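Inspection log for the structure reproduced underneath, given as structure tokens.
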Amino acid sequence: MNAKDAIDQLDPQTWAKTTPAERLQLLEEVRENMKRYGDDHRRQDASAD
């Protein structure tokens, strides 16, 4: 899934119903994924130019 498709699937109402603990967990997972895969994405973006 690309970023545009992921964002298009977001539902603000679902996020509003998400508990603070669940939000924190999701944000921590995003942060860890960015640490793990950020360099790969930057390299891929740079090679696409």
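The values are calculated or read from the model by the stated rules, or taken from the named source; none is laboratory data. On a predicted model such as this, the values are computed, not experimentally measured, just so you know. Quick note on the areas: whole protein, heavy atoms, side chains included, nothing else; ligands and nucleic acids left out. Shrake-Rupley method; radii C 1.70, N 1.55, O 1.52, S 1.80 Å.
Carbon and sulfur atoms: what percent of the 1.4 Å accessible area of the chain do they account for? Each step should come with its number before you reach the end.
Numbers: 2620 of 4760 Å².
After summing per-atom areas, the C and S share lands at 55 percent.
Report the full-extension gain for the segment ALA48 to THR14: residue separation times 0.36 nm, less the Cα-Cα distance, to one decimal in nm. Don't skip to the answer; put the middle values down first.
Numbers: separation 34, 0.36 × 34 = 12.24 nm, distance 3.41 nm.
So the extension gain works out to 8.8 nm.
Which whole-number value in Å² is the accessible area per residue of segment 8-49, probe 1.4 Å? Each step should come with its number before you reach the end.
Numbers: 4080 Å² over 42 residues.
In whole numbers, segment 8-49 has 97 Å² accessible per residue.
Looking at (i) 129; (ii) 80; (iii) 32, which value of volume of the Cα convex hull per residue in Å³ comes from a calculation on the structure shown?
(ii)
How far, in degrees from 0 to 90, does helix 20-48 lean away from the longest principal axis of the Cα atoms of the chain, to the nearest 10?
10
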